[in-house]
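Peer 1: Before anything else, here's the structure in question.
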Number of protein chains: 2
Amino acid sequence: MMEWDAWGVAENRQTLSPQVKALLASALGIPEREPVSRDESDVTLSPSSLADEQLAALGDLLGAEHVSTEHGVRLRHSGGKSTPDLLRRRSTGVQDAPDAIVYPASHDEVSALLTLCAERSIAVVPFGGGTSVVGGLDPERGEFTAVIAVDLRRMSGLVSLDEVSGTAVLLPGTTGPEAEELLGAKGFSLGHFPQSFRFASIGGFAATRSSGQASSGYGRFDAMVDAIRIATPRGDLNLGRAPASAAGPDLRQLFLGSEGALGIITEVTVRVHRLPEETWYQGWSFPSFDAGAQALRTLVQSDAAPTVLRLSDEAESGLNLALAKDIGGKNPAAGVLAITTVEGTHGHVTAKSAEVAAVLAAAGGTALGDEPAKAWDHGRFDAPYLRDALIDAGAVVETLETATSWQNLANLRAAVTTALAEALGAQGTPPLVLCHISHTYRTGASLYFTVVCAAAEDAFTQWGRAKKAAGDAIVAAGGTITHHHAVGRDHQPWLADEVGELGIEILHAVKKTVDPRGILNPGKLIPAQG
Amino acid sequence: MMEWDAWGVAENRQTLSPQVKALLASALGIPEREPVSRDESDVTLSPSSLADEQLAALGDLLGAEHVSTEHGVRLRHSGGKSTPDLLRRRSTGVQDAPDAIVYPASHDEVSALLTLCAERSIAVVPFGGGTSVVGGLDPERGEFTAVIAVDLRRMSGLVSLDEVSGTAVLLPGTTGPEAEELLGAKGFSLGHFPQSFRFASIGGFAATRSSGQASSGYGRFDAMVDAIRIATPRGDLNLGRAPASAAGPDLRQLFLGSEGALGIITEVTVRVHRLPEETWYQGWSFPSFDAGAQALRTLVQSDAAPTVLRLSDEAESGLNLALAKDIGGKNPAAGVLAITTVEGTHGHVTAKSAEVAAVLAAAGGTALGDEPAKAWDHGRFDAPYLRDALIDAGAVVETLETATSWQNLANLRAAVTTALAEALGAQGTPPLVLCHISHTYRTGASLYFTVVCAAAEDAFTQWGRAKKAAGDAIVAAGGTITHHHAVGRDHQPWLADEVGELGIEILHAVKKTVDPRGILNPGKLIPAQG
């Protein structure tokens, strides 16, 4: 379980290097300050509003020891890990939290729990690893008097592995490292490594259409799913019978990305692959982000996509942000830095790495050897710890992401950068806006922005304005409002723009079919109808 | 427009070679017979039940010249091209047909047409290339007194091409060859080559989740779609804003595979690729189907999938069925025949073909040179013509397909083969059942069956029993009821098994949202609620 007021676990908390501290002062005008110490007992939560009778019914169903209303447990389930989440949690004043946290142990217990909650008017927030950065875990009550978090950690593990087909059935509470360990013991890997990997869960990956750092090679999580099992207040769904089908609309794709609003995912059948025999690492330098983006495009469009493919822009390369242990240090690239890896069998790595190297060199890339790629690999899950240390030091740091076609990529990047610079500049806190490409497709790519500025007195409102400006800019410039962070509460204002009013009506119709009372994750994903 | 009583166009009709005629006599006991000559004027269609007022309204909207009730036009829109369709069309007695055929020219005309039909209680069957083999085009009236076919041929063409992103916007009536010609003129290709390629349309590919012969390299059609535009009686949907998104459920996936029951697709944005610089062809021999399937699996699971990857079983290899011009001739493989091609840039073909060859050779394959692969390539769209000639000669010939995991592949193949052999054997017409793999995935593959037997007096009922047995066997053995032919009317009995009763309820809820009157393709895809 992660810390209540920060990403991850305490022993991995970062302190800022002298060069980062110097950067904060020189680039953003943030004076050095003493860290504030916080204790969870200082936080005041709104009292649990569950009636004794409701609490007793939950205990009767799951066992009293699997229902908690403890302060520390409620605090740790009171939301996700976005910067606004952390700012809120660190603030004084009464905070919302789920009225109880329950821990079902099986699909049948989840089903029974949903029936109970529908009957007794209790809203339900499904809770996996707790890593949402879009407000997807906020304890919203909707029209109900009580809300509980359903923590799926007891539903963890590998149900079965089909070594011939390369499929594994995993329980939803299985975390990234647990899945890799269970599969690795049998010679397999899932190959899904989002930045949230160390804490996020299989059910969460499915519910949010997660995308991992090796997506160029292994695909997005939604593409890895052959089948899912879902419990809803109206009964079960078992979707996906073959690697591909033409049996009508693909209903799996309604529940992938359903963010707890259409059911609780209780089992996921994913494609897995043999542990790679070897991995080829190569860093690259390109004269500019645009030149690098064109090289990545050429690579992917010539069917030569490697396993990992990333490109930092000038600002990110200049700060050396991709290389976690040496941020603010010397950028190994003369211009912008790109990272490639290829993994698999010896034969595949040999063939593919040669192809990758030939295409990137022909496209103007300079090979930097394996060091930058290995350095990136080493620190690739650590950025959220750095964020927390920067927030402690008086900065606002947040990330946001989108995707678009290759044709529109530069336009979208400029639009978002400008919107963030203007929105924060107007508040007297001009930001650094850094950007990278981390997910590529034949027809386009994602853009991932990191924003750093001095914190205003009301940093929550300060960032809210920047986020609004960025979201508006994304939509106006034709990007998707989220490539892999999901909708939650934070991206809801833009969903109707993305799928249309009729699309929203369809989502409501589906929700009403599976959740007629509306107990599932109220206020998330699907905007209220106008 | 295809012939009314057969696949394709008259000039490509096949006559049977002496060796095929000999096979029919020796293996299936079918005596040689004189071909029957048929004329479309001999067919009696049920009279058009459109009221004059309805007809006039259609003419007012689209222009009277774009509304037809002519006998020959109605006959050619009276269904698809399955063997039962052809048997029915060749039979005596009154046949159903759409009451009129209309030809809208634009998205706005389609929208207005749907509004008009909803107001005037006219059922609508969207009609692309007319190649359905699952009853998807049957002129079902549902609860309405009239039904029209909406032929989309006037909505044909390339709206735009984004050469940087590699995306093309195509109109729904564009046929496979038209799309390749329009794109080819600009140096691009779609790379979608189903057996129906010469006649089928872009809208139909999308509406049925089509899969082409190069799917190992370019993916299924549903994976090629970045965006779609749909007209419904409740308004428009424009879905898909980026190559990938986490903005909730992927609603595109409700309309891909919607088979005309949820709207009319009026524009499809597809990913395209540069015309290949070169193509590598290679035939392979494996000792057995099971050995070949294992080799294909190894290839795909080691990330070395070529562009085309196919494997015929012993029966199909023995009849040389994959090589259209020499059926019944000498099988070039000592055992079973596999076909591979790799296309793309010179660099890609060089790297990938070496990788493919190394993996297949290590897995027990014997390279046969390029001839078998080129021969397959040459005749790859011709099998339906052969079917028609065989039907004329007194055989029943039909195909069906499914998909499952690699682990379950042999089991499923045996179950379907046995079911077909028993169902037709019990009717005194033991069949030849041939099978191949034509679409592969990391976790499984498709199975495509060809069935040939002597026609009974009531061939329609004879095949119906075999189809029922095969469908039941597929479902019992865990396969999907269709990998790429869609549901239509013929696979409807098994859809609830595939997606569950709650899945069917979801489909009804979506349909009610976009088509509250239920005018869109009644009786197809979504089974009536129990």
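Peer 1: Exactly one of (1) within 9 Å of another protein chain (Cβ to nearest Cβ); (2) surrounded by fewer than 24 Cβ atoms within 10 Å (Cβ to Cβ) is unmet by B:R229. Its number?
Peer 2: Result: B:R229 fails condition (1) only.
Peer 1: List the number of the failed condition for B:E498; all other conditions in (1) without any contact (Cβ under 8 Å) to a residue 60 or more places away in the chain; (2) more than 20 Å from the chain's Cα centre (by Cα) hold.
Peer 2: (2)
Peer 1: Can you name every one of the helices (runs of 4 or more DSSP H) wholly within region B:10-100 that holds 3 or more residues which are basic (K, R)?
Peer 2: By residue number, B:83-90.
Peer 1: Given the residues B:V102, B:V43, B:V67, which is the only one that is closer than 26 Å to B:I202 by Cβ and touching a His at 6+ places or on another chain (Cβ under 9 Å)?
Peer 2: Matching residue, one of B:V102, B:V43, B:V67: B:V102.
Peer 1: Considering B:A338, B:A322, B:A304, which residue is in contact (Cβ under 8 Å) with a residue 12 or more places away in the chain and within 14 Å of chain A (Cβ to nearest Cβ)?
Peer 2: B:A304
Peer 1: Looking only at region B:101-129, which residues are in contact with a strand residue (DSSP E or B) (Cβ under 9 Å, 6 or more places away or on another chain), surrounded by fewer than 24 Cβ atoms within 10 Å (Cβ to Cβ) and part of a loop (DSSP other than H, G, I, E, B)?
Peer 2: Across region B:101-129, the qualifying residues are B:Y103, B:S106, B:R120, B:S121.
Peer 1: How about region A:135-157: which of its residues are within 15 Å of A:I265 (Cα to Cα) and outside any loop (DSSP other than H, G, I, E, B)?
Peer 2: A:A149, A:V150, A:D151
Peer 1: Within region B:382-404, identify whether any single residue is on the phi < 0 side of the Ramachandran plot, more than 14 Å from chain A (Cβ to nearest Cβ), over 18 Å from the mean Cα position of the chain (by Cα) and assigned to a loop (DSSP other than H, G, I, E, B), and answer yes or no.
Peer 2: Yes: one or more hits.
Peer 1: Ok, one more. Among residues belonging to region B:425-467 that are more than 14 Å from chain A (Cβ to nearest Cβ), in a loop (DSSP other than H, G, I, E, B) and of a type outside the set (G, A, S), point out the one that is surrounded by the most Cβ atoms within 10 Å (Cβ to Cβ).
Peer 2: B:P431
Peer 1: Right, something else. Quick check on this structure: which one of A:W463, A:W494 is touching a Leu at 6+ places or on another chain (Cβ under 9 Å) and among the aromatic types (F, W, Y)?
Peer 2: Every option except A:W463 fails the conditions.
Peer 1: Any chance you could count how many residues in region B:195-232 are within 14 Å of the chain's Cα centre (by Cα) and within 13 Å of B:P172 (Cα to Cα)?
Peer 2: Matching residues across region B:195-232 total 10.
Peer 1: Would you confirm whether any residue within region A:273-287 is β-branched (V, I, T), surrounded by fewer than 23 Cβ atoms within 10 Å (Cβ to Cβ) and either modelled with pLDDT under 95 or in contact with a strand residue (DSSP E or B) (Cβ under 8 Å, 6 or more places away or on another chain) (or both)?
Peer 2: Checked region A:273-287: at least one residue is β-branched (V, I, T), surrounded by fewer than 23 Cβ atoms within 10 Å (Cβ to Cβ) and either modelled with pLDDT under 95 or in contact with a strand residue (DSSP E or B) (Cβ under 8 Å, 6 or more places away or on another chain) (or both).
Peer 1: Test B:L525 against the criterion of being under 18 Å from the mean Cα position of the chain (by Cα) and not charged (D, E, K, R), and give yes or no.
Peer 2: yes
Peer 1: Out of the residues in region B:496-512 that are under 20 Å from A:A244 (Cβ atoms) and not aliphatic (A, V, I, L, M), which is surrounded by the most Cβ atoms within 10 Å (Cβ to Cβ)?
Peer 2: Out of the qualifying residues, it is B:E498.
Peer 1: What pairs can you find where one residue is in region B:465-476 and farther than 11 Å from B:E422 by Cα, the other is among the aromatic types (F, W, Y), and their Cβ atoms are less than 7 Å apart, with a gap of 6+ or different chains?
Peer 2: B:G471/B:W494; B:V475/B:W494
Peer 1: With respect to the numbered conditions (1) away from chain A (no Cβ under 14 Å); (2) in a strand (DSSP E or B), which one is the sole condition not fulfilled by B:T417?
Peer 2: (2)
Peer 1: Please work out which residue is farthest from A:R380 (Cα to Cα), limiting yourself to region A:158-203 and to residues that are β-branched (V, I, T) and touching a residue at least 40 places away in the same chain (Cβ under 8 Å).
Peer 2: Taking the candidates together, the pick is A:V159.
Peer 1: Here is a further query. Out of the residues in region B:151-188 that are of a type in the set (G, A, S) and buried (at least 24 other Cβ atoms within 10 Å of the Cβ), which is nearest to the other protein chains (Cβ to nearest Cβ)?
Peer 2: Per the stated criteria, the residue is B:S165.
Peer 1: Follow-up. With the requirement that a residue be in a strand (DSSP E or B) and either free of Cβ contacts under 8 Å to residues at least 24 places away in the same chain or facing chain B (nearest Cβ under 7 Å) (or both), what does region A:237-272 give you?
Peer 2: Hits for region A:237-272 are A:L237, A:N238, A:L239, A:R271.
Peer 1: Restricted to region A:197-226, and to residues that are in a loop (DSSP other than H, G, I, E, B) and away from chain B (no Cβ under 11 Å), which residue is surrounded by the most Cβ atoms within 10 Å (Cβ to Cβ)?
Peer 2: In this case the residue turns out to be A:G212.
Peer 1: Only residues that are surrounded by 24 or more Cβ atoms within 10 Å (Cβ to Cβ) and not in a loop (DSSP other than H, G, I, E, B): list them for region B:471-495, please.
Peer 2: B:I474 - this is the single residue of region B:471-495 that is surrounded by 24 or more Cβ atoms within 10 Å (Cβ to Cβ) and not in a loop (DSSP other than H, G, I, E, B).
Peer 1: Would you pick out the residues in region A:480-495 that are of a type in the set (A, V, I, L, M) and either in contact with a Phe, Trp or Tyr (Cβ under 6 Å, 6 or more places away or on another chain) or in contact (Cβ under 8 Å) with a residue 60 or more places away in the chain (or both)?
Peer 2: A:I481, A:A486, A:V487
Per-residue answers, yes or no, for (1) of a type in the set (S, T, N, Q); (2) in contact with a Lys or Arg (Cβ under 9 Å, 6 or more places away or on another chain); (3) over 17 Å from B:S312 (Cβ atoms):
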position: B:L368; (1), (2), (3): no, no, no
position: B:L400; (1), (2), (3): no, yes, no
position: B:L412; (1), (2), (3): no, no, no
position: B:A415; (1), (2), (3): no, no, yes
position: B:G425; (1), (2), (3): no, no, yes
position: B:I437; (1), (2), (3): no, yes, no
position: B:Y441; (1), (2), (3): no, yes, yes
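Peer 1: Considering each of A:A486, A:A473 in turn, give the residue that is within 13 Å of A:E401 (Cα to Cα), facing chain B (nearest Cβ under 8 Å) and of a type in the set (A, V, I, L, M, F, W, C).
Peer 2: A:A486
Peer 1: I'm trying to understand the selection: among the residues of region B:290-309, which are surrounded by 24 or more Cβ atoms within 10 Å (Cβ to Cβ) and over 21 Å from A:T345 (Cα atoms)?
Peer 2: Scanning region B:290-309 gives a single hit, B:V308.
The values are calculated or read from the model by the stated rules, or taken from the named source; none is laboratory data. What you see is a predicted model, and the numbers here were worked out from it, not measured in a lab. Counting neighbours? That spans all protein chains shown, and the Cβs are built from the backbone with ideal geometry, glycine included.
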